[in-house]
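These notes concern the structure reproduced below.
The values are calculated or read from the model by the stated rules, or taken from the named source; none is laboratory data. On a predicted model such as this, the values are computed, not experimentally measured, just so you know. Cβ coordinates were reconstructed from backbone atoms using ideal geometry, including for glycine residues, and neighbour counts include every protein chain displayed.
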């Protein structure tokens, strides 16, 4: 399916969404949609599975939250928060890209744990376990509809930006690195540098999503920087499908929708989530995108059959 | 102060041996199957719960510890043959995530079977109570645990170095392809290894019940620690897993003297430093 | 040209199908927004059904149901619609669920959850949406730093609790001189520690040492060794749930109990005791917001109704909290003869009365419910009348937090 068509579907969803679901749910779907697509720049395009993206999401939220509380306007708080995450991700990423595979997973996890510990202990700054409260929204965005429009605009802008990046030569090189790192190196690419770039880009957009999240409830809770959140991000990305740029959006939507719906009906609903995940990993590795493709394909075939 | 340090060393050693047991199982599976078993923690939990149930049914802690882990092996066999085996050809990440999902499912299954409320299990009468060692009073059970885990570790080491099965496992860790070429049924080897890993996890879980009790989330609680041990040890190194387990246990207990709040995070610092400075682990060769 | 036209048509058709697909998907996800029916009041209970406190959720809910059954799901001329959501003990997720329920179900009153960290997020949602919020838990910020007109607290204030524990411990152990503190390392623990350090000298108790441990910690051997080296007359624990149970278990392993007592200063009572073996529970003093043997009007019927639902297990603090929260919310509605949150809040401010925990009074300035805190002592196994006869209440105390220590400067308006 052509990218432009998929983009139109996404656009339709953004417009129709708030009419069929509570605004807060769709808002979260968009915010985490940014994270999932950004995460895919690492997983799907470059072949790096990070178990620590929550640290960037959380740090973005904390920094923006603190700036907003200090009275900074939105136009300062969000960019500064994002910039902070960008610089931090270069430093953290430098160490992480030295290793691959299981080691990469473990070191991103270790960094996540360390930042979680800092957030937890530095209660003067972050509020610790109690979270960072009292984050104001600019008066323009106090209305839930206005805030939603703002989030939608940020979401679409991030999509466009990230699409540009992955369609550029950088994106192609990352995919080459995923396919065969030694060949890429043999051809002359500085593999670690490209991995660091992908890491930084992905983490920066994740941090940006975090800065927006800070205004959603007016509080930054500590669970947004916990390693289980990093696991959620991975789940969203894989659920949607790592082979397609837009796939992870559906993953974020699907994950939040399942979590909201299943929790209404059964106390042991995480078991169902686990089963869904097992099915995806065993049979539907392309995620929701693959599922849609299969359904679409069988409809196509049914129509063409004499 | 020196009494305090001595007793903390003993503490660290005791918990370290338990960590080592958990780590050894994980490191075997990682070494032979090249599989990071994210479900290792829940196998630990099932070991604890099976031990609890058998111990209550038979009124014998010893029988619980004997039979409980064997039941966990069955679960391990099912996971390997029905699930993991299909993913050997798939990308590393998918194996990992499959096991993570299995861990989620198993954790909820624990709640379905035993309920969400935690339990306690007392050590056997013979090992109950504490003994005065001079520099500190220490629970008999923890001392027994050190001896017992040491015995298991020695038995494991002997198995790996002195038996044919052990030789095949060590060969599998070194070079999986070669083992296949030599005509050995690699599927059986994988199944056996996964089962052995499950057994060790379950055994650790059962042995831990008198100190840590039982709760449905105990699997996810121990999972990060087990990976820290494996990374610090070096992939596939059994001796390394034991040394790393003890090191982690000591790090936690000694940190408690000066910075108790950091008792948990110090192990991630160690893991991070190991990955950066000596990625093959303290004892690994790859 | 015709081929290009047909190509354009085909791509238009694809787009059309795509939009239809999107609309179909949206319809599948459709969650109709219901505003509450005219004769209905919607109350949300947000409880931990999954996650670290999954065992508490069902118990809290059970307590709520008993309170609702007592009034036949009706109050102030309206039907009560009680809905629940899973907090997962994740503050961000709970905030989303609370907000979502307010948007889609017309929730006007929220009770729960269990964890203080989550409550601090839910209270922000309540404030923003102007719905009344009643919480029972440890953090004093609900009626302190983060107080607002819509939030109330049911559990006794931290000061009240620590005062009760120390006062009653010294009363029953007059020769005791020193205590060693285990403190869970986060804001709530530090607050309780601060209060203990202020109050202990008043009761002639010295603090032999303090150790802070991470929340969720399971391995206490190092802390116990340090504590025992100072030879205290008791170990005073400022922690709860599995942390407390693990520490108690290991204190027993090390032989500290039953020779010397352990004080669980902020305990859930039955819920924690039930997870311990009888030998482990010997010589424990615990402070709790509710213990089921209290002799007050209304308690017996609550306990009997609860035992029917629980298969014989008596209620501990968790069901007591669920029951208490709903009772107080209903009481406000009855007194105001209205289900308008503003009227209910005004009716509750300054309200005094007596219910299943004893005498209560709601402080109008910070919305703290001043009520008794129970201190009980576990019984030896041979003195237990049945397997749930864990303890005897030694005494109760409801000393209110001193005004100068309360950080609610201005509760604000509606």
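Miscellaneous remarks
- Helices (runs of 4 or more DSSP H) contained entirely in segment A:79-192, each with at least 2 residues that are within 14 Å of chain B (Cβ to nearest Cβ), modelled with pLDDT under 95 and crowded, with 18+ Cβ neighbours inside 10 Å: A:101-121
- Residue identified as under 30 Å from residue C:174 (Cβ atoms) and surrounded by fewer than 19 Cβ atoms within 10 Å (Cβ to Cβ) among C:278, C:232, C:297, C:261: C:278
- Only one entry of B:26, B:43, B:71, B:21 meets the criterion of being assigned to a helix (DSSP H, G or I) and surrounded by fewer than 24 Cβ atoms within 10 Å (Cβ to Cβ), and that entry is B:71.
- Residue count for segment C:185-201 under the criterion of being out of contact with any strand residue (DSSP E or B) (no Cβ under 6 Å at 6 or more places or on another chain) and within 13 Å of chain A (Cβ to nearest Cβ): the result is 5.
- Residue in segment A:59-70 that is within 15 Å of residue A:214 (Cβ to Cβ), in a loop (DSSP other than H, G, I, E, B) and more than 13 Å from the chain's Cα centre (by Cα) present: yes
- Taken over segment C:358-371, the residue count meeting the criterion of being within 29 Å of residue C:73 (Cβ to Cβ) and assigned to a loop (DSSP other than H, G, I, E, B) is 2.
- Top-ranked residue in segment C:142-153 [being surrounded by fewer than 24 Cβ atoms within 10 Å (Cβ to Cβ) and more than 21 Å from residue A:215 (Cα to Cα); ranked as farthest from the other protein chains (Cβ to nearest Cβ)]: C:149
- Restricting segment B:150-165 to residues that are without any contact (Cβ under 8 Å) to a residue 12 or more places away in the chain and over 18 Å from residue B:23 (Cα atoms) leaves a set whose member that is surrounded by the fewest Cβ atoms within 10 Å (Cβ to Cβ) is B:164.
- Of all residues in segment A:244-290, those satisfying the criterion of being away from chain B (no Cβ under 13 Å) and out of contact with any helix residue (DSSP H, G or I) (no Cβ under 7 Å at 6 or more places or on another chain) are A:257, A:261, A:264, A:265, A:290.
- Residue tally, condition farther than 18 Å from residue C:156 by Cβ and part of a strand (DSSP E or B), over segment C:392-414: 1
Listed here are the residues, each with its yes/no results for (1) within 14 Å of another protein chain (Cβ to nearest Cβ); (2) over 30 Å from residue C:52 (Cα atoms); (3) part of a helix (DSSP H, G or I); (4) within 14 Å of the chain's Cα centre (by Cα).
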{"residue": "B:123", "(1), (2), (3), (4)": "yes, no, no, no"}
{"residue": "B:157", "(1), (2), (3), (4)": "no, yes, yes, no"}
{"residue": "B:188", "(1), (2), (3), (4)": "no, yes, yes, no"}
{"residue": "B:192", "(1), (2), (3), (4)": "no, yes, yes, no"}
{"residue": "B:206", "(1), (2), (3), (4)": "no, no, yes, yes"}
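- Scanning segment B:255-271 for residues that are closer than 19 Å to residue B:282 by Cβ and within 11 Å of chain C (Cβ to nearest Cβ) yields a total of 2.
- Any helices (runs of 4 or more DSSP H) falling wholly within segment C:268-357 and containing at least 3 residues that are in contact with a strand residue (DSSP E or B) (Cβ under 8 Å, 6 or more places away or on another chain): C:317-336, C:341-348
- Residue C:266 falls short on exactly one of the conditions (1) touching a residue at least 12 places away in the same chain (Cβ under 8 Å); (2) crowded, with 22+ Cβ neighbours inside 10 Å; (3) under 30 Å from residue C:55 (Cα atoms); (4) more than 21 Å from the chain's Cα centre (by Cα), and that condition is (4).
- The C-beta contact set for segment B:119-143 (first residue free of Cβ contacts under 8 Å to residues at least 40 places away in the same chain, second residue assigned to a strand (DSSP E or B) and surrounded by fewer than 16 Cβ atoms within 10 Å (Cβ to Cβ), distance under 6 angstrom, 6+ apart or interchain) comprises B:140/B:131.
- The condition of being touching a residue at least 40 places away in the same chain (Cβ under 8 Å) and more than 30 Å from residue A:225 (Cβ to Cβ) holds for only one of C:160, C:143, C:84, C:139, that being C:160.
- Near pairs, Cβ below 7 angstrom, 6+ apart or cross-chain, from segment B:89-112 (more than 7 Å from chain A (Cβ to nearest Cβ) and under 13 Å from residue A:234 (Cβ atoms)) to any residue that is at pLDDT below 90 and buried (at least 20 other Cβ atoms within 10 Å of the Cβ): B:96/B:36
- Scope segment A:1-22; condition more than 23 Å from residue A:290 (Cβ to Cβ) and surrounded by fewer than 15 Cβ atoms within 10 Å (Cβ to Cβ); matching residues: A:15, A:19
- Just so you know, in segment C:111-137 the residues that are surrounded by fewer than 24 Cβ atoms within 10 Å (Cβ to Cβ) and within 11 Å of chain A (Cβ to nearest Cβ) include one that is farthest from residue C:346 (Cα to Cα), and it is C:116.
- Some residue of segment B:34-54 being farther than 30 Å from residue B:7 by Cα and in contact with a strand residue (DSSP E or B) (Cβ under 9 Å, 6 or more places away or on another chain): yes
- Per the listing B:256, B:274, the residue uniquely in contact with a strand residue (DSSP E or B) (Cβ under 8 Å, 6 or more places away or on another chain) and crowded, with 23+ Cβ neighbours inside 10 Å is B:256.
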